[in-house]
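Each remark here refers to the structure printed beneath this line.
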Amino acid sequence: MIITKAILKINPDSKFAIFGEDIDSCEIEWHENTTPISKEDIKAQIQTVEAEIEQEKQAAIDKKASGKQKLKDLGLDDAEIKALIGA
């Protein structure tokens with residue numbers, strides 16, 4: 001999945017199939033006249049994709065904490081918040 005995201009970040013219109021999950025040992029089959037992308041370029045993009053995924057995870061954690069705090073600011077206690085959102 002991360003390889004797919006990296007490839008699509010380089011070329012959103014690319015058509016391909018990936019066989020394997022490790023960039024070093026996988027085989028990439030390029031379809032519909034897609035210009036092949038080197039594994040080195042894909043590896044470099046994987047680092048960016050991994051950083052973006054971590055940022056997205058942190059943003060979700062931050063939003064949840066912000067939402068809980070807003071509910072507390074409205075006067076709800078922890079039990080009421082848990083009853084509403086399950087956490």
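The values are calculated or read from the model by the stated rules, or taken from the named source; none is laboratory data. Everything numeric in this text was worked out from a predicted model, so none of it was measured. Methodologically, a virtual Cβ is constructed for each residue, glycine included, from the backbone with ideal geometry; neighbour enumeration extends over all protein chains shown.
Does Ala44 satisfy being closer than 30 Å to Asp78 by Cα, outside any loop (DSSP other than H, G, I, E, B) and either over 17 Å from the mean Cα position of the chain (by Cα) or of a type in the set (A, V, I, L, M, F, W, C) (or both)? The answer is no for Ala44.
If I filter region 37-87 down to residues being basic (Lys, Arg) and under 30 Å from Phe16 (Cβ atoms), which single residue comes out as surrounded by the fewest Cβ atoms within 10 Å (Cβ to Cβ)? Result: Lys57.
Selection of region 63-86 for residues being of a type in the set (A, V, I, L, M, F, W, C) and more than 27 Å from the chain's Cα centre (by Cα) yields Leu71, Leu74, Leu76, Ala79, Ile81, Ala83, Leu84. None of Ala79, Ala59 is modelled with pLDDT under 95 and either of a type in the set (A, V, I, L, M) or on the phi < 0 side of the Ramachandran plot (or both) except Ala79. Reported count of residues in region 2-22, each being surrounded by 11 or more Cβ atoms within 10 Å (Cβ to Cβ) and aromatic (Phe, Trp, Tyr), is 1. Exactly one residue out of Ala60, Ala6 is touching a residue at least 40 places away in the same chain (Cβ under 8 Å) and in a helix (DSSP H, G or I), and it is Ala6.
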